[in-house]
Each structure stands twice: as structure tokens, then as C-alpha cells.
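Inspection log for the structure reproduced underneath, given as C-alpha cells.
Every number here is computed from the coordinates shown, using simple stated rules; none is lab data. What you see is a predicted model; the values in this text were computed from it and never measured. Cβ coordinates were reconstructed from backbone atoms using ideal geometry, including for glycine residues, and neighbour counts include every protein chain displayed.
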Amino acid sequence: MNKTTNSSIPNSFNRRKWLQSVFLSAMGFSRLPSTLAGEEVESVEKQTLSYFRTRGVVADVYGLETLDWPQRARDAGLTTIGAHVTPSQVARFIQSEAGQTFLANCKNHNIQVEHELHAMSDLLPREYYIKDKTMFRMTKDGERTADYNCCVHSKPAVEIICENAVQYAAILPSTTGRYFYWIDDGMPMCYCPQCRIYSDSDQALILENHILSALKTRIPYASLAHLAYLNTIMPPQQVKPENGIFLEFAPIRRTWDHPLQNRDARKDDQSPTHGQILDCLDANLEYFGREHAQVLEYWTDVSLFSHWKKPAKRLPWTEEVFLSDLQTYGKRGVRHITSFVVYIDADYIRQYGEPPLDRYGRGLLNYHFKTM
Ligand SMILES: [Zn+2]
């Protein structure tokens with residue numbers, strides 16, 4: 001684990017010069033390129049010294065349309081904004097004037113743009129059901145249905161999905177090369193004779209391996225998330241991730257009243273304990289590796305605390321839980337952290353004022369690993 005703490009900075013050195021030398025040697029430069037100066041150097045210094053490489057928020061389109069998220073992200077010391085929810089929805093936004101302004105502002109503020117997408121219904125349009133039912137999933141009762149997802153052993157389905165993933169990537173490029181095409185939100189996978197021997201996590205990974213391979217034909221440096229969440233929270237057992245698949249872990253069934261490290265805590269009687277959730281995280285980190293692993297959290301997700309129904313409720317914010325959770329993730333080697341900010345939009349600000357985005361950003365930026 002590469003720990004960078006303030007205590008490792010020699011006092012006798014001029015801080016700025018030292019920071020620059022760390023960055024320059026890491027980048028293979030002997031002196032500062034003339035194009036990097038002032039604020040850019042400041043930004044580079046922060047990114048170089050922060051343990052968390054991705055410090056992000058994932059926002060819905062209405063939030064992106066009604067608030068200046070690039071400015072907010074910059075002010076909070078964040079690195080990345082992920083647009084959410086579906087490819088068609090986000091594509092419409094990005095192609096609009098507001099979307100183009102958003103991209104320009106992100107560029108001006110040096111904020112990375114990713115797209116975190118529940119994608120299957122867009123990647124395999126449901127109309128294909130009339131043409132070829134076998135592209136779609138089989139229920140446990142043996143019926144083909146176009147409700148969610150697909151049959152991952154259908155060659156024509158996988159071809160269409162891959163083609164559309166590449167097309168959407170052209171409209172929605174990721175400035176980090178990290179792509180996020182998730183299965184339909186928590187929805188079941190296929191029970192056909194070929195698929196049923198695989199878990200939902202294995203089926204998702206079969207598909208992700210195909211999508212990544214297609215993306216790489218156009219974007220050689222592309223990588224793709226495997227989302228561990230609800231029905232895919234357990235690691236796959238049979239399918240191995242291709243090089244470029246990284247873990248994205250979203251612990252939606254936890255409670256935010258207690259830190260994750262409280263292993264006995266749980267949301268309610270129907271929910272897993274934090275101990276069980278952490279065991280899933282550890283098993284997934286073993287399976288997919290830690291280096292590029294990302295956590296998608298809900299500390300700032302107004303939609304979750306509003307039960308995904310407007311009017312939005314005020315965000316509960318428990319700083320101790322958040323800071324403890326950063327330790328939980330950081331000590332496991334997770335260096336990419338994002339949190340939903342869905343429902344934080346102009347309406348929310350009018351009603352409740354500013355959410356604690358500065359606390360979120362500061363916590364991430366100032367994190368250093370503590371020996372527990
Ligand atoms: Zn199938």
C-alpha cells in the first residue's frame with residue numbers, strides 16, 4: 001500500500017518545491033513543463049498527494065442540468081463527476097446545450113467525466129424480442145422474457161450489446177478510460193440451460209468481458225467496472241475477469257447510522273450485517289484485485305434517504321461514520337471512492353441549503369491511513 005502522509009514531508013524543504021519534485025519524478029519530468037503553472041500545479045499537487053485517486057460524485061441528469069456541479073466538485077477538491085442513470089438519458093443530456101456546457105466546465109476545472117449507467121435495456125433494445133426471443137433471459141419457469149437484462153449465451157444478443165456499448169462510448173467518452181455499463185438495476189439474470197449453471201455475478205462478468213473486449217477495439221486503454229451490488233454482491237465463482245475489468249462495490253444494503261466496521265450493525269432484520277457486507281467486499285477484492293477497485297457509496301445520496309421518491313428529504317450526514325468508513329476502505333487498498341448525489345439539485349438547495357459537499361471532499365482529500 002502506498003501511504004502518503006504529511007509526516008513524510010521533510011520540514012527543511014520548501015513545501016511547494018518538494019511537492020513539485022514528487023510529482024515531476026513520478027511523471028518522469030526533471031522540471032516543470034512550462035504549460036503547468038499556478039492553479040494547475042496546485043491541482044496536480046493535491047491529486048499526487050491524496051491517497052484516493054478518484055474522489056467522485058455520481059449525479060443524475062436533473063442535478064447536472066440545474067446545478068453547476070463542475071464548480072461544486074472543484075470547490076470541494078473532488079476529481080470526478082459520474083453521470084447517471086441510463087445511457088439514453090445521459091446521451092440526451094450530453095448532446096444538449098446544457099450538456100456541452102457541463103463538459104466545457106469540467107474541462108476548465110480539471111474535473112474528470114465518467115458515466116455510471118444501468119445499461120442493459122438500452123444496449124439490447126426490447127424490440128428485438130419480436131425478432132428473436134432467445135436473445136432475452138429465461139425465467140425460472142422456462143419462459144423467455146424481455147423484462148430485464150438478456151441471455152448472456154445468446155451470440156446475437158452479445159453482438160448487439162457490444163455494438164451499442166461502443167456507440168454509446170463514442171457519445172459518452174470517459175475522460176479516465178473507466179467505463180460503467182451495469183446490468184439492469186438489481187434485476188435477475190437468465191435461467192436458460194446454458195446460463196443457469198452460472199450465478200448472476202458470473203453472468204454479469206461474462207457480459208462485461210465481451211463488452212470490454214469490444215471497447216478495447218476502439219479505446220485501447222478502456223477499462224470496465226464489474227458492479228458488486230444486490231444480486232451480484234457475491235464474487236463470481238467460475239468466470240475470470242479479463243485484464244481491464246475492475247471491481248466496483250456498492251453496499252446499498254448497509255445502514256449509515258453506524259460505520260461499516262461495526263460488524264454487528266444492520267439496517268433491519270431482513271438486511272445483512274456489516275460483517276457480512278465486509279466479507280463480500282473482501283472476497284471481491286481478492287477476486288478482482290485492489291489496485292483499481294472503486295467504492296460507490298451513498299453517504300451523500302439524497303435519493304436513497306428519500307426512498308427514491310420526491311419530495312427529497314434532507315440528507316442525514318454523520319461525519320464520524322463517513323470518516324470511519326474511509327478508514328475501512330482505505331486500509332483495504334481501495335483508492336477510488338465515489339458517492340451518489342442523486343436528488344441534490346436546484347430544488348434541494350432551495351429547500352434545504354447547501355449539502356455537506358465540502359466535508360465530503362475534505363474528508364477524502366485529508367485522509368491518511370491510521371493504524372487501528
Ligand atoms: Zn441464457
Hey, if you drop one equal point scatterer on each alpha-carbon of segment 111-155 and run the Debye formula without solvent, what base-10 log of I(q)/I(0) do you get at q = 0.15, 0.29 Å⁻¹?
-0.42, -1.08
Rounded to whole Hz, the Karplus (6.51, -1.76, 1.60) HN-Hα couplings of segment 177-187, x for glycine and proline:
x, 8, 10, 9, 10, 8, 5, 4, 4, x, 9
To test your reading of the geometry: what angle, between 0 and 90 degrees and rounded to tens, separates the Cα axis of helix 39-49 from the longest principal axis of the chain?
70
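Starting from the Cα gyration tensor of segment 52-91, take the square roots of the eigenvalues, sort them a ≥ b ≥ c, and report rounded, prolate or oblate (rounded when a/c is under 1.5, otherwise prolate if a/b is larger than b/c, else oblate). Write out the running numbers ahead of the final one.
On the way: a/c = 3.53, a/b = 1.53, b/c = 2.31.
Here segment 52-91 falls in the oblate category.
Between F369 and D185, 0.36 nm times their residue separation minus their Cα-Cα distance comes to what? Can you show the working numbers first?
Values: separation 184, 0.36 × 184 = 66.24 nm, distance 3.33 nm.
Value of the extension gain: 62.9 nm.
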Modelled FRET efficiency - R0 22 Å, A346 with T318, Cβ distances, 0.05 increments:
0.30
From Cα coordinates alone, what are the radius of gyration and Dmax values for segment 52-366 in angstrom?
19.0, 55
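First select every other residue whose beta carbon is under 11 angstrom from the beta carbon of Y229; then total the charges, Lys and Arg +1, Asp and Glu -1. Present the calculation step by step, with values, prior to reporting the outcome.
Numbers: positive: R253; negative: D185, D200, E248.
Local charge sum for Y229: -2.
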Taking amide H positions as placed 1.01 Å from N in the peptide plane, with prolines and chain starts having none, which residues 5 or more places from V58, or on another chain, fall under 5 Å of its amide H?
G82, S339, F340, V341
Amide H partners (placed H, <5 Å) of S271, local residues excluded
none
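What value, in deg cm²/dmol to 500, does the helix sum -39500 (n - 2.57) over DSSP H runs of n ≥ 4 give at 222 nm once divided by the residues of the chain?
Working: 15 runs with 150 residues, N = 372.
Calculated mean residue ellipticity at 222 nm is -12000 deg cm²/dmol.
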If you place +1 on the Cβ of every Lys and Arg and -1 on the Cβ of every Asp and Glu, how big does the dipole about the Cα centre of the chain come out, in debye to the nearest 20?
860
Rounded to the nearest 20 debye, dipole of segment 89-176 from Cβ charges on Lys, Arg, Asp, Glu:
120
Give the aspartates and glutamates reachable from K107 as a straight Cα distance under 17 Å; neighbours fewer than 8 places away on the same chain don't count.
E39, E40, E42, E65, D68, D75, E97
Using eta = 0.890 mPa s and T = 25 °C, Stokes-Einstein with Kirkwood Rh from Cα pairs puts D for segment 248-372, in µm² s⁻¹, at 161
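Roughly speaking, what is the stretch gain from I197 to I171, that is 0.36 nm per residue apart minus the C-alpha to C-alpha distance, in nm to one decimal?
Extra length available between I197 and I171 comes to 5.8 nm.
Can you give the relative contact order of the chain as a percent, counting alpha carbon pairs under 8 Å and 6+ residues apart?
With pairs under 8 Å counted, the relative contact order is 17 percent.
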Built amide H within the under 5 Å cut-off of C192, gap 5+
M138
Quick one: check the C-alpha center-to-center distance for segment 346-365 versus segment 208-282, whole angstrom.
26
Quick one: of K155/K310; K140/K331; K131/K309; K267/K309; K267/K331, which pairs are farther than 31 Å apart, Cα to Cα?
K155/K310; K140/K331; K131/K309
Are there trypsin sites (Lys or Arg not before Pro) in segment 77-169 that DSSP marks as loop and that have at most 10 other Cβ atoms within 10 Å, and which are they?
K140
Relative packing of 287-296, 266-275, which averages over residues the other C-beta atoms within 10 Å, highest first
287-296, 266-275
Sort 165-175, 213-223, 115-125 by packing, meaning the average of other beta carbons within 10 Å per residue, with the highest value first.
115-125, 165-175, 213-223
Nearest 10 degrees, 0 to 90: helix 319-330 Cα axis against the chain principal axis:
80
Which of the listed residues, T145, S174, L123, is farthest toward the dipole's positive end in the chain, when Lys, Arg count +1 and Asp, Glu count -1 at the beta-carbon?
S174
